Each structure stands twice: as C-alpha cells, then as structure tokens.
Amino acid sequence: MDERLREIEARYDELAGEMSSPGVGADPERMRTLGKAFAELEQVVLPFRDYREAVRQAEEARAMAREEADPDMAAYFAEEAAKAEARAAELQTRLESLLVARDPNDEKNVVVEIRAGAGGQEAALWAGDLFEMYRRYAERRGWKSEVLSSSPSDLGGFKEVVTEIRGRGAYSRLKHESGVHRVQRVPVTETSGRIHTSTATVAVLPEAEEVEVEVRPEDLEIDVFRSSGPGGQSVNTTDSAVRITHRPTGIVVACQEERSQLQNREKAMRYLRARLLRLEQDRAQAEQAATRRQQVGTGERSEKIRTYNFPDNRVTDHRVKLTSHRLQGILEGEIDEFVDALVAGERARQLSARADGRGSDGDGTRPTGG
C-alpha cells in the first residue's frame, strides 16, 4: 500500500507544479482538467501525509518512553505514543478504503425491479412488502422514489413492480440487494396456520443518462393501450399506457402509472435506458458474469441471498452470515446494518485481490473512484 501511496503523492506534486506554470494558467480548460485530478488525488495525499506524521510521532514517543528514567514522564510518553498509534490506525483504514477502486455507477440513481417468485399470491404479497421496505429506506435517507411500472395482484401485492430511487449514492447502497429474497411465514390465505416459504427477486439497475445510451427512434416499437388495475379492472378510459419494444435487443418495458401518455412514455424511456445500460455493462464485464439473469436467479426457494423468518423474528443475509432479530424494523426500511456489512465485505474482497496481485491500476480507475 505504501508504494501505491507514494506514487499517488508523486503524481500530486507533479500536478501542483504543472498547474503553477504560466502556460496552463492561460488555458482555462486545461486548468479545470488538472484541478479536478488534483482535487481527487488530494483526498488521498493529505490523509497519507497525516498518517506518516502520526507514525513518526508514535515512534518518537515510544523511543522517549524507553529512554525516560522518570516513571511519570515515561508513562506520559507511552500514552502519547498510544494516541498517535490509534490515529495512524484510523488513517490507515481510511486510506485502504480510498485505494479501493469504486464502482463507476456508485453515485447514480437506481431502478429497482421486484418480481414475485415461487409462492403464488403469497409471493406477490411478499413482493409488495419488499417494495415498501425499499420505499421506506429511500425515505429515511432523504431520497425520492417513484413507481415506473407495476402489475398489482388481486390481494394487494405485486406480480412485479419497478421503482426509480433518486439520491446521491443510491446505487452504492442498494446494489447488493439484487437476488432472491425468501420469506417464511403463515400466509393470509392459509387457514390451517401452516408456515409457507415464498420468494421474490430483486434486480438493482444503475440509471442511465441519455448520453450514456444511444436509443435510435427507428429501433423502437411504441404501442399505447388502456391502463388497467388488478384483475383487469379498468382504471383509465383513455389509451394512456405505453409499451416500448427495443427491436435490436427484444427488451420490452411498459408504464401505466400516470394518466398522461406523455408522462408514461418518459418513464418507460428511463426504464428502457437503465435496462440497456445494464445490458451493455454486462457485455463489457462478461468475466464477472454480471448478467441480469445471474443477478436475480430463477426465483426458486433454494436460491436466496436473504431469508426473512416471521415465526422467529429473524432476518439472515446468507452472503455475510449476518442475522438480525429486528424483522419488523427491517421491513420498515431499517436495513443499514445489512447494507454496511455487504459494502464492507465488497471492500475486503477488493483489498484482498489487490494484496494478492489480482487488482489492477491500469484500467483507468483512479484511487478515489472519480
């Protein structure tokens, strides 16, 4: 790690010298480019210099404690050394985090797809519960959420629901929610009190900007139809619902949440762009096997990333082996303990890969992920 940090510091000093040259000062565009790179590197260099100073102070205080004949003064220097060591350890952890290459999608808004899996009507009710969990989580973090598309079930859940969550860092916090979520409880439709196991699948897609995904009008087939509610119940007397088919990929998206055809079309296009961006990223990162199909699985009960057990008031994430007995709070959006554990696990794997020599700095990713 020290070698990589020294390289970053050297580049930081080079940029500082380049920015002070008269030629760069006369070129506003070049100055902006260099200034951005300088600011990014500064986020690493300043704590690195603080870390080195803390290490130096700790070593100096330890040496003085060993040489001091007065017991009180020796104890004082030992205490100062311990403080400096604690500071160095804190800064080292921060630097490790900064050196981990961040996902370029981390700061983006997200599109969350939730679909009922195995379990019939109970699975649809469970999909509705997960939708509420993420909606409340977004609310707790001050993010905005908006339904892009939904297919309600007769009992009040969803066969599928797609929601857009807008907020800084939404993807970084929610990307690990992708997969099969399994629930164990007595369904409202169960008369004998028997516990059933049902599932719903979640896929989290980074939202795509128009400039990131080219969608040619000639590649689109756009149909309009009349919106309907659960069981085919009509909720609109005009053809305001919109279905868009992207011919080259076969991707189909639909939106009927708004009364305005224009608004439904705008929402459907946002959803389509997110799907196309994910498709393109999956192709570019084929070695990571990050396709949507592999992300969400088949929805079978044996596939799961997390289990929500109502009789035991227990939620277990099987990837990080974390169990919580606050099921109701979690369903109300208090999922940060799982999110934090999954983010920490991702960071640990990246650091391990870097230590083993599998990490690469030659892919254009900067230390701070900018």
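The values are calculated or read from the model by the stated rules, or taken from the named source; none is laboratory data. Fair warning: this is a prediction, and the values are worked out from it, not measured in the lab. Cβ: placed from backbone, ideal geometry, glycine included. Neighbour counts: every protein chain shown.
So, residue 42, is that one under 29 Å from the mean Cα position of the chain (by Cα), among the acidic types (Asp, Glu) and either over 24 Å from residue 91 (Cα atoms) or in a helix (DSSP H, G or I) (or both) or not? Quick ask: steps written out before the conclusion?
Working: under 29 Å from the mean Cα position of the chain (by Cα): yes; among the acidic types (Asp, Glu): yes; either over 24 Å from residue 91 (Cα atoms) or in a helix (DSSP H, G or I) (or both): yes.
For residue 42, the condition - under 29 Å from the mean Cα position of the chain (by Cα), among the acidic types (Asp, Glu) and either over 24 Å from residue 91 (Cα atoms) or in a helix (DSSP H, G or I) (or both) - is met.
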**Study point:** Every residue from segment 258-302 that is surrounded by fewer than 12 Cβ atoms within 10 Å (Cβ to Cβ), of a type in the set (Gly, Ala, Ser) and either at pLDDT below 55 or on the phi > 0 side of the Ramachandran plot (or both)
**Key:** 289
Point to revise | Single match in 44, 100, 112 (criterion: in contact with a Lys or Arg (Cβ under 7 Å, 6 or more places away or on another chain), crowded, with 17+ Cβ neighbours inside 10 Å and under 30 Å from residue 277 (Cβ atoms)) | key: 100
Study note, to complete from the structure: Exactly one of 46, 98 is out of contact with any Gly (no Cβ under 9 Å at 6 or more places or on another chain) and either assigned by TED's automatic domain parsing to the domain that holds residue 170 or not basic (Lys, Arg) (or both), and that residue is 46
Practice item. Among the numbered conditions (1) surrounded by 12 or more Cβ atoms within 10 Å (Cβ to Cβ); (2) at pLDDT below 85; (3) over 29 Å from residue 81 (Cα atoms), tell me where residue 11 comes up short. Key: (2)
Exercise for review: Determine whether segment 145-153 contains at least one residue that is under 16 Å from the mean Cα position of the chain (by Cα) and either at pLDDT below 95 or more than 21 Å from residue 310 (Cβ to Cβ) (or both).
Suggested key: yes
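Matching residues to (1) modelled with pLDDT of 85 or more; (2) closer than 30 Å to residue 138 by Cβ; (3) assigned to a helix (DSSP H, G or I); (4) not small (Gly, Ala, Ser):
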position	(1), (2), (3), (4)
5	yes, no, yes, yes
49	yes, no, yes, yes
54	yes, no, yes, no
104	no, yes, no, yes
Point to revise | Residue list for segment 195-207, filter: closer than 17 Å to residue 114 by Cβ and in a strand (DSSP E or B) | key: 198, 199, 200, 201, 202, 203, 204, 205, 206
**Study point:** Flag if residue 203 is hydrophobic (A, V, I, L, M, F, W, C) and closer than 15 Å to residue 271 by Cβ
**Key:** yes
Practice item. Scan segment 235-281 residue by residue and report those that are part of a strand (DSSP E or B) and of a type in the set (S, T, N, Q). Key: 245
Exercise for review: Say whether the condition of being farther than 30 Å from residue 49 by Cβ and not in a helix (DSSP H, G or I) is met by at least one residue in segment 86-102.
Suggested key: no
Practice item. Considering only segment 25-36, state which residues are touching a helix residue (DSSP H, G or I) at 6+ places or on another chain (Cβ under 6 Å) and in contact (Cβ under 8 Å) with a residue 12 or more places away in the chain. Key: 31, 34
